[in-house]
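Engineer: Quick one: this structure, given as structure tokens, is what I'll be asking you about.
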Amino acid sequence: MPHHRLAHLNHQDVRIDELTIHSYEMGLYLVEADFDGRKGFIVNDEDHPQRFHSVEQVKQSLKDCTVREAWLVHQSAYDEMCGGPEKTDNTLKLPVCFKH
């Protein structure tokens, strides 16, 4: 599975085509970057997904590169109820501004 490291992405000459910030419960964010034709999660030195604790922390971590398009994506599990209607896609996708 392709992946990226912050140390390789956070440079002035890097242009990320699309950045997806996946929001999970308890203030946990994982980031997926589409760079150089490869889409993959940002990982740490142990090749585990890099955890972020806020959207602002993601922005600060990538402050030197150019992000053309960024999204915050969240899926809620709260529509799952016994006897309720079939599950529908409840994905919330919001644009994130990366202007410096």
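Engineer: Please identify the pairs in which a residue from the range 63-75 that is without any contact (Cβ under 8 Å) to a residue 24 or more places away in the chain has its Cβ atom under 6 Å from the Cβ atom of a residue that is assigned to a strand (DSSP E or B), counting only partners at least 6 apart or on another chain.
Structural biologist: Gln75/Thr91
Okay, residues lined up against (1) of a type in the set (Ser, Thr, Tyr); (2) in a strand (DSSP E or B); (3) under 12 Å from Phe98 (Cβ atoms); (4) open to solvent by less than 70 Å² (accessible area, probe 1.4 Å):
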{"residue": "Met1", "(1), (2), (3), (4)": "no, no, no, no"}
{"residue": "Gln12", "(1), (2), (3), (4)": "no, no, no, no"}
{"residue": "Asp34", "(1), (2), (3), (4)": "no, yes, no, yes"}
{"residue": "Gly40", "(1), (2), (3), (4)": "no, yes, no, yes"}
{"residue": "Asp47", "(1), (2), (3), (4)": "no, no, no, no"}
{"residue": "Lys63", "(1), (2), (3), (4)": "no, no, yes, no"}
{"residue": "Val73", "(1), (2), (3), (4)": "no, yes, no, yes"}
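Engineer: Can you spot a residue in the range 90-98 that is in contact with a strand residue (DSSP E or B) (Cβ under 8 Å, 6 or more places away or on another chain), open to solvent by less than 90 Å² (accessible area, probe 1.4 Å), at pLDDT 95 or above and of a type in the set (Phe, Trp, Tyr)?
Structural biologist: Checking the range 90-98: not a single residue is in contact with a strand residue (DSSP E or B) (Cβ under 8 Å, 6 or more places away or on another chain), open to solvent by less than 90 Å² (accessible area, probe 1.4 Å), at pLDDT 95 or above and of a type in the set (Phe, Trp, Tyr).
Engineer: Could you please find all residues in the range 7-38 being farther than 15 Å from Thr66 by Cβ and more than 11 Å from the chain's Cα centre (by Cα)?
Structural biologist: Ala7, Glu25, Met26, Gly27, Gly37, Arg38
Engineer: Let me ask another. Out of the residues in the range 14-32 that are closer than 19 Å to Phe98 by Cα and acidic (Asp, Glu), state the one that is surrounded by the most Cβ atoms within 10 Å (Cβ to Cβ).
Structural biologist: Glu32
The values are calculated or read from the model by the stated rules, or taken from the named source; none is laboratory data. Predicted, not measured: the structure shown is a model, and the values here were computed from it. As a convention, Cβ positions derive from the backbone with ideal geometry for all residues, glycine included, and neighbour counts pool all protein chains shown. The area values use the complete protein model at the heavy-atom level, side chains included, leaving out ligands, DNA and RNA. Shrake-Rupley method; radii C 1.70, N 1.55, O 1.52, S 1.80 Å.
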